[in-house]
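This report refers to the structure that appears directly beneath it.
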Amino acid sequence: MPLPSSDELARLLRFRDAGHGFDEFGFHPPTLGKSLKVVRHLYERYFRVQSHGAHHIPREGGGVIAANHSGTLPLDGVMLVLDVLANTDPRRLARPVFDLFVPRLPFVGTFFARCGGVSGTRGNFRRLLEAGELVSVFPEGVPGVAKTFWHRYQLQGWRVGHVELAIRHRVPVIPAAIIGAEEQWPLLARFDSFKLFGAPYLPIPATPFPLPVRYRIHYGEPIPFHEEHPPEASDDPAIVAAGAARVKAAVAALISNGLREREGIF
Amino acid sequence: MRAVLVTGSTTPIGAALIRSLLEAPEVERVLAVGIELDPGTDLPLGNAGLTYHRVDLTRERHVRRLIFGPVREAGVDAVVHTALHRSAHDQGKAVHRLNVEATRSLLHLCERHPTVRRFIYRSFAEVYRHDHEHPSLIGEGEPLELRPDVPQRVRDRVEADLTVCTRMGMSPLQICVLRVAEILAPQSGSQLWDWLASPVCLRPLGFDPMVNLISADDAARAVVLALRTDAQGVFNVPGRDTLPLSKVVELWHRLDVPAPGPLLRPLYWIRRLAIGTDFRYRLNEGRLHTSDLLDGARAREVLGYEPLRSIDWPSNGTGGS
């Protein structure tokens, strides 16, 4: 299914206008539409994204897509959002939940917000799930996107908050593996002491631009934590940790299968 | 409620509230309190149900005379306290006396009063701390701005808010604190109003936070709804208009000029020296960078409040209210 045109976008997406064409997080469909004109070339021609298992994405209601994270710059997040947009009917926007330092970045924070991104506070996450939105998260966080080439496809520390909130707000978690991004822009080194505007590090990539690797995005079967546990279980650290470990294992299995099936990086 | 005392009656929210109360069938009398000799034309002083009392709330003896005089005679059962110092630049003990001590004193006198049963305190969205790590929608439980270096304007508002909050459950009164979004109007202490008074609005380059604005009518309606219930506690009261700061400038027909953040403090200092405005960059630095909107879920569920009326955006370059 092709990506929608920018004109179609506002009509196709379920958009909660807070009164002036923006939602309460600053999402502005026309800005996403304009951005789509540019990034669709990355999706369709540069990274030539192949999608597998998109039927696992819920057609309606809330849900959390949890994926591996990599690539020096979070282009994998952009491709994941576009892939969900391209392969859902009715169209769905997987609101990307980004790290807390992102809103401090000039231009970047505002641009992400206009395109549907949301700062990853517990309150924002809760609000989205209560509103029946689909959200995409990268439980590896910054250590994932900052992993070096030698650590590709090795899942880093795995946060647990997405499972806690999925249980509490009665939504499934959809594991996803993004194959290709981990080779797109090999990271040679990083300066952790460089913290301008709260950025966690300064990346030193091996190439001036991301390589035109082929992305393959695999979605796994939804994990119905909300059917297995009552809402109160979200306060049980053991249940939440076990759930997060299960999501991590599911993503690792999807990565493993995806790597086995692919014939080449490009 | 049969009779209501409203302080800060000459402010936009005070005047709107008095008009709403006079239209409410269950209200027989409204006692309006202000510091001005002439309350102006905003108050319908010709209405038989309204009396205006000129009282300096920083003088406890005057307040006592009001509370145990006209208030007792009128059988006032609810007090709405909205009076606060408006200027961001004035500082010192006198300002603190009005912002905090007058609130404390009024509350204590009402607790000893034979007829007053309900106390509504109009607080501000400014009491919350601006932080990128907080949710975009601020609930009532989010941290307050208690950092030691905040300007007196904010510190006083937080202290007054907490002064009232600490009496909840201990006081014989039913206490309600309404943290109201910014009213974009003159004489309301709105920093944004003053910011928009200039033909050129400088804001930090690369940042365009969302803001929420409330009309005086919606703010007044929230108070009336709070008066009609027995609900106690803290309630956020957001407005109908949620939009980016750049859009506010555009709708106000001003020139939006993003400038590098480090230049803004000296530029606004020069602006204040040149044209003597009330806008203080230091007070607003947080919200010129961070989206902080009030989450009105609790007010919706408990008080039945929904923002209905957009603010009056100007149709030309003259500004509006």
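The values are calculated or read from the model by the stated rules, or taken from the named source; none is laboratory data. Every value quoted in this text rests on a predicted model; they were computed, and no experiment measured them. For neighbour counting, all protein chains shown are included, and Cβ atoms are generated from backbone atoms with ideal geometry for every residue, glycine included. Protein only, heavy atoms only, side chains kept; ligands, DNA and RNA dropped before computing areas. Shrake-Rupley method; radii C 1.70, N 1.55, O 1.52, S 1.80 Å.
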What list of ³J(HN,Hα) values in whole Hz, one per residue of segment B:308-315 in order, does the Karplus curve 6.51 cos²θ - 1.76 cosθ + 1.60 (θ = phi - 60°) give from phi, with Gly and Pro shown as x?
10, 10, 5, 6, 7, 6, x, 8
In whole angstrom, the spacing between the Cα centers of segment A:178-193 and segment A:220-234 equals 33 Å
Residue among A:144, A:120, A:53 with the largest mean-square fluctuation in a Gaussian network model of chain A, springs linking Cα atoms under 10 Å
A:53
So what's the back-of-envelope 222 nm ellipticity for chain B, counting only DSSP H runs of four-plus at -39500 (n - 2.57) apiece and dividing by all residues, rounded to 500?
-9000 deg cm²/dmol
Restricting to lysines and to Cα separations under 22 Å from residue A:248, and discarding same-chain partners fewer than 8 apart, the set is A:147
Kindly identify segment A:198-249 as rounded, prolate or oblate by the Cα gyration tensor criterion: order the square roots of the eigenvalues as a ≥ b ≥ c, call it rounded if a/c is under 1.5, otherwise compare a/b with b/c, prolate if a/b is larger, else oblate.
oblate
Calculate one ³J(HN,Hα) per residue across segment A:33-50 by plugging θ = phi - 60° into the Karplus curve 6.51 cos²θ - 1.76 cosθ + 1.60, and present them in order as whole Hz with x for glycine and proline.
x, 5, 5, 4, 4, 8, 6, 5, 5, 5, 5, 8, 10, 7, 8, 6, 5, 10
When a/c reaches 1.5 or more, the comparison of a/b and b/c decides; with that in mind, is segment A:6-261 rounded, prolate or oblate per its Cα gyration tensor?
rounded
Please state the shape class of segment A:1-114: rounded when a/c is under 1.5, otherwise prolate if a/b exceeds b/c and oblate if not, all from the C-alpha gyration tensor.
rounded
For segment A:110-195, how big is the tail of P(r) above 16 Å, as a whole percent of Cα pairs?
63 percent
Sorted by chain and number, the residues with a modelled amide H under 5 Å from that of residue A:95, at a separation of 5 or more or across chains, are A:134, A:135, A:136
Counting only protein heavy atoms and rolling a 1.4 Å probe, one gets per residue an accessible area for the protein assembly as shown in Å² of 41 Å²
Within 10 Å of each Cβ of A:124-132, how many other protein chain Cβ atoms are there on average?
2
Kirkwood Rh in Å, taken over all unlike Cα pairs in the protein assembly as shown:
26.2 Å
Through the Karplus equation 6.51 cos²θ - 1.76 cosθ + 1.60, θ set to phi - 60°, convert the phi angles of segment B:123-138 into ³J(HN,Hα) values in whole Hz; use x for Gly and Pro.
9, 9, 5, 4, 6, 7, 7, 7, 7, 4, 8, 9, x, 5, 9, 8
Express the relative contact order of chain B as a whole percentage, based on alpha carbon pairs under 8 Å and six or more residues apart in sequence.
19 percent
Net lengthening on full extension, residue A:122/residue A:242 (0.36 nm per residue, minus Cα-Cα)
41.2 nm
GNM result for chain B, Cα springs below 10 Å: residue of B:181, B:125, B:231 fluctuating most strongly
B:231
Just counting partner chain Cβ atoms within 10 Å, what average do the residues of peptide A:17-23 show around their Cβ?
6
Near the amide H of residue B:180, under 5 Å away, which other amide H atoms are found, from residues 5 or more places off or on another chain, if H is placed in the peptide plane?
B:123, B:124, B:125, B:237
For residue B:35, put the label point 7 Å out on the Cα→Cβ axis and report which residues of segment B:56-85 keep their amide N under 12 Å from it.
B:56-59, B:83-85
Amide H neighbours of residue B:138 at under 5 Å, excluding residues fewer than 5 places away on the same chain, with H built from the backbone geometry, are B:293, B:294, B:295
Between segment B:173-198 and segment B:247-280, what's the alpha-carbon centroid distance in Å?
19 Å
Within 12 Å, Cβ to Cβ, of residue A:204, how many net charges do the neighbouring residues add up to if Lys/Arg are +1 and Asp/Glu are -1?
0
